[in-house]
Amino acid sequence: MDSNELRRSFRDFFVERGHTAVPSASLIPFDRTLLFTVAGMVPFKRYFLGEEPAPYARATSIQKCMRAGGKHNDLDQIGQTLRHLTFFEMLGNFSFGDYFKEQAIPYAWELVTSVLGLEADRLWVTVHTSDDEAAEIWRDSVGVSPDRIQRLEEDNWWQMGDTGPCGPCSEIYYDKGASYGADGGPAFGSDERFLEIWNLVFMQYDQQDTGDLVPLPKPCIDTGAGLERIVPILQGRPSVFETDLVYPILQEAESLTGRRYGVDHRDDVGLRIVADHSRAMTFLLADGVVPTNEGRGYVLRRIIRRLILRSQLLGAHQHVVERLVSGVIATMGEAYPELPERQDRIMELATREEDRFEQTLSIGAPVLDAAIASGAVDGEVAFRLHDTFGVPIELTTEIALDRGVEVDLEGFQRAMAEQRMRSRQAGFGDDGSEEQATGALWVLETFGKTEFLGYDTQEATGE
Ligand code: ATP
Ligand code: MG
Ligand code: MG
Ligand code: MG
């Protein structure tokens, strides 16, 4: 089964069971509490909350998702795991006050075992520690053996963001086998071995910013399954990077950099980042995000610049963006006609950002290299790179830490604050520096002050 067949089978399964097929919404949500559409439920938020009557009691969708900011941010996982992408497609079925757990659980099981043909003895499920009801349905209605049902606390509680719809959830995992890591099921075993494929959320509350949980008018169902995670299982591939959805783009990265996938771990991380970010860049541009210094535009800028820098570190000498964008459009254009339709604009914005970055990078790269060679990147230098040379602080940190060199992030923030003060005194607006300060905060949160634990090898990048 290829990805097109999987999309079709999923949709047909739920349409046959009375669900309305709803097209994917944009990656830019109407909802103002979110930077990006992080899940299939986001476009339906108002129906869950009862703020607007749902035009259908049941729906199914294949939603474009982006997890690169806010509560759901996988940016720092990309490349490090075999299962995370920033841009991915979420298959989902939804009930707006219609059926609840008793129906959602058997539907999911039937689809996974009968339609997709996954072997039941490879499957595990989890429920929330408090959710006896879901555990009973799995055991009694579906017939899952009790030793394959585990209970988790945080992992089985889902919420859209800091506020909004939330509730306990139940998840389906696929055991990829002993070669992927420790046994013990999803609760105790390895995350790469026990691959989370589908989350069934029992939406029951509206999380308030005061911390209170207000019950929804009616309990609802919101499920999300990762298309890119299921396809490798069906195609017998080890990761999300090696299927018809992503591999052609990774191959483009191989050809641009001269590196082969599967030879060297560090190269693999880089190639995965380039492949992932190519998809994210193309889809974000298609949905109207433009590289800027603030908000989602800044996330896009970081993604494009990280992709370019990573390509260069892997050995690319020429421009990369045009071929990567073309690769994504060739691979994904049939399923997402907006890509070929908007190809000219996507290409123009992407290559313009690449040109702009390269102009500044030609001056910035030696500055960064010199700082790294000196054994520490001080705050002033990091700030100058960020502010003058257009090397986002996240990139400076990533590259420096990759070579075992620290960045003085507190000094960076001080320099940033001084700059804001100066521009305020001079009568200029902030021009996104608040977002840039948030970027520094993101780095602090992600990497900590002194330690970087992301990569398993720590020698020079070889460039
Ligand atoms: P994980 O624990 O693996 O990070 P999650 O618990 O954050 O996943 P959910 O919020 O439950 O994910 O999203 C529902 C489903 O969407 C997941 O079960 C998975 O199949 C898919 N999914 C989530 N994040 C990603 C991602 N970064 N890349 C690809 N698929 C994803
Ligand atoms: Mg996650
Ligand atoms: Mg999870
Ligand atoms: Mg989950």
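Could you tell me how far the Cα centroid of the range 120-138 sits from the Cα centroid of the range 319-350, in Å?
42 Å
Based on alpha-carbon centroids, what's the gap between the range 25-83 and the range 222-255 in Å, whole number please?
A separation of 20 Å, based on Cα centres.
Taking the Cα centre of the range 247-447 as origin and charging only Cβ (+1 Lys, Arg; -1 Asp, Glu), how large is the dipole, in debye to the nearest 20?
Its charge dipole is roughly 140 debye.
Give me the dipole magnitude in Debye, nearest 20, for the chain about the Cα centre, with unit charges on the beta carbon: positive for Lys and Arg, negative for Asp and Glu.
In debye, rounded to 20, the chain gives about 800.
So, counting K/R as plus one and D/E as minus one, what does the shell of residues with Cβ under 9 Å around residue 353 add up to?
Charge balance near residue 353 sits at +2.
Could I have the simple spin-label model distance between residue 234 and residue 130, label points 7 Å from Cα toward Cβ, reported in nm to one decimal?
3.7 nm
Find which of 211, 94, 143 sits farthest along the positive direction of the dipole of the range 3-235, computed with +1 on the beta-carbon of Lys and Arg, -1 on that of Asp and Glu, about the Cα centre.
94
Provide, for the chain, the number of lysine pairs with alpha carbons under 17 Å apart, each pair being eight or more places apart or on different chains.
Counting lysine pairs in the chain gives 4.
Relative contact order, percent, of the chain when contacts are C-alpha pairs under 8 Å separated by at least 6 residues?
Once normalised by length, the contact order is 12 percent.
Binning at 5 Å from 0, report for the range 233-314 what percent of all alpha-carbon pair distances ends up in each bin.
3, 16, 24, 21, 17, 11, 6, 1, 0
So for the chain, taking the charge dipole from beta-carbon charges (+1 Lys/Arg, -1 Asp/Glu), which of 385, 129, 167 sits furthest toward the positive end?
385
So how long is each side of the range 247-447 along the principal axes, counting just the alpha-carbon atoms, biggest first, in Å?
51, 39, 29
Along each principal axis of its Cα atoms, how long is the range 3-235 end to end? Whole angstroms, biggest number first, please.
Principal extents (Cα only, largest first): 46, 40, 38 Å.
Rounded to the nearest 10 degrees, what's the angle between the helix 265-286 long axis and the longest principal axis of the chain, both from Cα atoms, 0 to 90?
80 degrees
Any idea what angle helix 321-332 forms with the longest principal axis of the chain, computed on alpha-carbon atoms, 0 to 90 degrees, nearest 10?
10 degrees
Ratio of Rg to Rh for the range 29-124, alpha carbon only, Kirkwood?
For the range 29-124, the value is 1.02.
Computed on alpha carbon atoms, what radius of gyration and Dmax characterise the chain, expressed in Å?
Here Rg and the maximum Cα pair distance are 22.7, 70 Å.
Residue 59: net charge of surrounding residues, Cβ under 12 Å, Lys/Arg +1, Asp/Glu -1, itself excluded?
It works out to a net charge of +1.
How big is the charge dipole of the range 1-137 about its Cα centre, in debye rounded to the nearest 20, if each Lys and Arg gets +1 on its Cβ and each Asp and Glu gets -1 on its Cβ?
600 debye
Within the set of other residues whose C-beta is less than 15 Å from the C-beta of residue 183, count the net charge using Lys and Arg as +1 and Asp and Glu as -1.
Taking every other residue near residue 183 into account, the sum is -1.
For residue 80 and residue 30, calculate 0.36 nm times their separation in residues minus their Cα-Cα distance, and state this gained length in nm to one decimal.
14.9 nm
Based on the Cα atoms of the range 256-300, what semi-axes does the equivalent ellipsoid have, where each is the square root of 5 times one gyration tensor eigenvalue, given in whole Å with the largest first?
27, 10, 7
Normalised by the number of residues in the range 3-235, what is the relative contact order in percent for Cα pairs under 8 Å and 6+ residues apart?
Once normalised by length, the contact order is 21 percent.
Using only alpha carbon pairs under 8 Å that are at least six residues apart, calculate the relative contact order of the range 247-447 and give it in whole percent.
19 percent
For the Cα atoms of the chain, what angle does the longest principal axis make with the long axis of helix 3-16, in degrees from 0 to 90, nearest 10?
40 degrees
Quick note: the coordinates plus some simple rules give every number you see, no bench work behind them. Only a predicted model underlies this, so the values are computations on that prediction, with no experimental measurement involved. Neighbour counts run over all protein chains shown; Cβ positions are idealised from the backbone, glycine included.
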